[in-house]
Structures are given as structure tokens and as C-alpha cells.
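K.L.:
One structure coming up, written as C-alpha cells, with questions to follow.
The values are calculated or read from the model by the stated rules, or taken from the named source; none is laboratory data. These figures come from a predicted structure and were not determined experimentally. Positions of Cβ are backbone-derived with ideal geometry, glycine not excepted, and every protein chain shown enters the neighbour counts. Only protein heavy atoms, including side chains, enter the accessible area calculation; ligands, DNA and RNA are left aside. Shrake-Rupley method; radii C 1.70, N 1.55, O 1.52, S 1.80 Å.
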Amino acid sequence: QLQLVESGGGLVQPGGSLRLSCTASGAILTNYTLGWFRQAPGKEREGVSCISTSGAITDLLAGRFAISRDNGKNTVYLQMNSLKPEDTAIYYCAARTATTIGRMCLRGAVDYWGQGTQVTVST
């Protein structure tokens, strides 16, 4: 059973940066499409960025965030730059086999979720 654990969230000032990590156990991530989602208070969960097994990426936030994966470390990352107060949310990593990055990020096609890590952007 694949388990995902996020880390790296916290409080940051507007304009700052954070790097989230999501490390897997119970399975090797090589064959999984991976993604980051977020859920702000009072809003639905939404896709942020997804990465395929071959490294193709979909980015729904116009380039401020960058997803990457290190299969050797069984980890997926989300580098977040130029953070804004509206980026405040719980960030979740996600995984699924045999899906496209579009289907994952836009339709929420996910089999496994992490527990989430809080990101707060505030002065």
C-alpha cells in the first residue's frame, strides 16, 4: 500500500518561497503519475501541478510553482515562489498509476493522497 507524507509547509511572508516535499513508502514511485493539489478554507480542492512518469508537466498556476520528482529518493517536490496570501491552503500530494497529467490535475483522478501540509502566506 502506497503511503505519501508531505513536509515543508509553514508560515511565509508574501513574496517568499517554500519547497514542499512528498516522500513515498510502500511502493516505488517510478510508475506513478504524481501531483500537488491544494484546498483553501471554504473552497474545493484544486490541482496545482502534475508530473508524468516521463517528466511531462502540467502547471495550473502560470509558472510560479515548479513540480519535480526524484525517483531515486521516491520523492516529489513543489517549489513555490513569489507566494501570495491567496496561496494559503493545505497542500496535498497525490499519486495514481495509468493516468495522464491532465486527467489527474484537471479531473482529480487520484488513487492515493498524502495527509496534507499547511502553507500560510501572511505578514
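K.L.:
Only one of Val12, Val76, Val48, Val5 is among the aliphatic types (A, V, I, L, M) and within 14 Å of Gln115 (Cβ to Cβ). Can you tell me which?
P.N.:
Step by step, each of Val12, Val76, Val48, Val5 is checked, and only Val5 is among the aliphatic types (A, V, I, L, M) and within 14 Å of Gln115 (Cβ to Cβ).
K.L.:
Mind checking whether some residue in the range 5-13 is open to solvent by 50 Å² or more (accessible area, probe 1.4 Å), assigned to a loop (DSSP other than H, G, I, E, B) and modelled with pLDDT of 95 or more?
P.N.:
There is at least one residue in the range 5-13 that is open to solvent by 50 Å² or more (accessible area, probe 1.4 Å), assigned to a loop (DSSP other than H, G, I, E, B) and modelled with pLDDT of 95 or more.
K.L.:
Kindly provide the set of residues from the range 53-76 that are aliphatic (A, V, I, L, M), under 18 Å from Tyr91 (Cβ atoms) and in a loop (DSSP other than H, G, I, E, B), ordered by number. Full working, then the answer.
P.N.:
Pass one, the range 53-76, residues aliphatic (A, V, I, L, M): 56-57, 60-62, 66-67, 76.
With under 18 Å from Tyr91 (Cβ atoms) added as a condition, the list becomes 57, 60-62, 66-67, 76.
Across the range 53-76, the qualifying residues are Leu60, Leu61, Ala62.
K.L.:
Give the number of residues within the range 81-111 that are under 20 Å from Gln3 (Cβ atoms) and either polar (S, T, N, Q) or modelled with pLDDT under 95 (or both).
P.N.:
Qualifying residue count for the region: 6.
K.L.:
Okay, next question. Considering the range 59-114 alone, what residues qualify as being basic (Lys, Arg), exposed (fewer than 15 other Cβ atoms within 10 Å of the Cβ) and free of Cβ contacts under 8 Å to residues at least 12 places away in the same chain?
P.N.:
Arg107
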